[in-house]
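**Student:** One structure is given below, represented as structure tokens, and several questions about it will come after.
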Amino acid sequence: MFSLKRVLACSWLLCSTASWADSFSLPIWKEEAEALGYVLPKPFGLNVSYMSLEQGIAVDSIGFEGLVYKSEPSFLLPNGINIPIARDMIDISAVPGHQKSEVLSLRGDVWIFPFLNIYGLVGKLTGHSETDVTINGVRLSDKLYIKNPSPEPINFRLDLDGDLYGGGIVLAGGYGNWFGLVDASYTKTNLTVIDGAIDAYVVSPRVGYDFHSKGVPVRLWAGAMYQDVEQSLSGHLSSLDLPSGLSGLLGAVNQDDEGRFHVEQRLTTPWNPIIGMQYQISPHLYLIGEAGLGDRTSVFFSVDMRY
């Protein structure tokens, strides 16, 4: 789960910053904004959130290395012969698949200006990606290619587990009861089950309506989410739970357990619509919920504590 050092550091930073702010009112230009009739949230926030996400992925390449074919001993070759398998020797292709993930995160933020919020976060990601792959044949040389006479789709699954960290900014504005904001963030997930990392750039514009003036402590909004996610995944073949059709082929050339895989994949849908709401229990406590629709579906819940 969360790194204890990161949680303590985040909590210490929030508390120390709040103490420092006693002599320096945040956000900057707070009085000017309140004089214009804007009701601002408390400047410092700490929230715990959960997100479940399912989306399509496209596999750009699947490669293998460290594979060696070992022939049986014979009269002419008493010790057999070892033939290294080139990275692109196995011609394998993949159809678009899907990825499911869950993220639990802790986030601290501060409003620097009435229109600018900055934040940092740490969290834990779990999930998996899954697609069907086909072994089309074996390429022995530039001129010699042995085609698979009856290629069958084989399920290929990668389990994902890792620690993430990152940060972002929120630009906000409003007129009357209407408001708009843009949330832009970057997170990096260092994977633990397999090698590699996931770099995610997310931009989410939203437009909404505040019902506080009507006696209801609720805000509703709609918008869109853009994600640019780069996934470069690798590891030992022995760490994968491969189906029999693929494990049999690769196991024959991975007798020393030195074989590794490398997968490059990306999202198939960069944009999707979102809807959400915020319920204010008190000036210090908010509940937030958001759902993603379309080709990327998601559910997001957050408890936001403000100081």
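**Student:** Being touching a residue at least 24 places away in the same chain (Cβ under 8 Å) and under 15 Å from the mean Cα position of the chain (by Cα) is the requirement here; does residue 172 meet it?
**Tutor:** Numbers: touching a residue at least 24 places away in the same chain (Cβ under 8 Å): yes; under 15 Å from the mean Cα position of the chain (by Cα): no.
Here the answer is no, as residue 172 does not meet what is asked.
**Student:** Of 64, 75, which residue is part of a strand (DSSP E or B), of a type in the set (Phe, Trp, Tyr) and modelled with pLDDT under 85?
**Tutor:** 64
**Student:** Could you pull out the residue among 274, 281 that is of a type outside the set (Gly, Ala, Ser), surrounded by 16 or more Cβ atoms within 10 Å (Cβ to Cβ) and out of contact with any helix residue (DSSP H, G or I) (no Cβ under 7 Å at 6 or more places or on another chain)? Explain how you work it out, then say what you get.
**Tutor:** Working: 281 fails: surrounded by 16 or more Cβ atoms within 10 Å (Cβ to Cβ).
Exactly one of 274, 281 is of a type outside the set (Gly, Ala, Ser), surrounded by 16 or more Cβ atoms within 10 Å (Cβ to Cβ) and out of contact with any helix residue (DSSP H, G or I) (no Cβ under 7 Å at 6 or more places or on another chain), namely 274.
**Student:** Kindly indicate whether residue 177 is in contact (Cβ under 8 Å) with a residue 40 or more places away in the chain, out of contact with any Gly (no Cβ under 8 Å at 6 or more places or on another chain) and surrounded by fewer than 17 Cβ atoms within 10 Å (Cβ to Cβ).
**Tutor:** Numbers: in contact (Cβ under 8 Å) with a residue 40 or more places away in the chain: no; out of contact with any Gly (no Cβ under 8 Å at 6 or more places or on another chain): yes; surrounded by fewer than 17 Cβ atoms within 10 Å (Cβ to Cβ): yes.
Spelling it out, it is not the case that residue 177 is in contact (Cβ under 8 Å) with a residue 40 or more places away in the chain, out of contact with any Gly (no Cβ under 8 Å at 6 or more places or on another chain) and surrounded by fewer than 17 Cβ atoms within 10 Å (Cβ to Cβ).
**Student:** If I ask for residues that are closer than 21 Å to residue 128 by Cα and either assigned to a loop (DSSP other than H, G, I, E, B) or among the β-branched types (Val, Ile, Thr) (or both), which ones from region 214-238 would you list?
**Tutor:** Residue satisfying the conditions is 229 alone.
**Student:** Suppose the filter is modelled with pLDDT under 75, over 25 Å from the mean Cα position of the chain (by Cα) and surrounded by 13 or more Cβ atoms within 10 Å (Cβ to Cβ); does residue 92 pass it? Break it down stepwise before answering.
**Tutor:** Numbers: modelled with pLDDT under 75: no; over 25 Å from the mean Cα position of the chain (by Cα): yes; surrounded by 13 or more Cβ atoms within 10 Å (Cβ to Cβ): yes.
No; evaluated as a whole, the condition is false for this residue.
**Student:** Among the residues in region 193-204, are any surrounded by 13 or more Cβ atoms within 10 Å (Cβ to Cβ), β-branched (Val, Ile, Thr) and not in a strand (DSSP E or B)?
**Tutor:** Yes, that holds for at least one residue.
**Student:** Further question: Inside region 206-241, can you point out the residues that are under 28 Å from residue 66 (Cα atoms) and touching a residue at least 60 places away in the same chain (Cβ under 8 Å)?
**Tutor:** 231, 233, 237, 240, 241
**Student:** For region 137-166, how many residues are part of a strand (DSSP E or B) and either acidic (Asp, Glu) or surrounded by 15 or more Cβ atoms within 10 Å (Cβ to Cβ) (or both)?
**Tutor:** Going through region 137-166 one residue at a time, the tally reaches 14.
**Student:** Just give me the residues in region 245-264 being farther than 18 Å from residue 200 by Cα and either in a strand (DSSP E or B) or modelled with pLDDT of 90 or more (or both), in sequence order.
**Tutor:** Residues satisfying the conditions are 260, 261, 262.
The values are calculated or read from the model by the stated rules, or taken from the named source; none is laboratory data. Not measured: the values here are computed from a predicted model. Neighbour counts run over all protein chains shown; Cβ positions are idealised from the backbone, glycine included.
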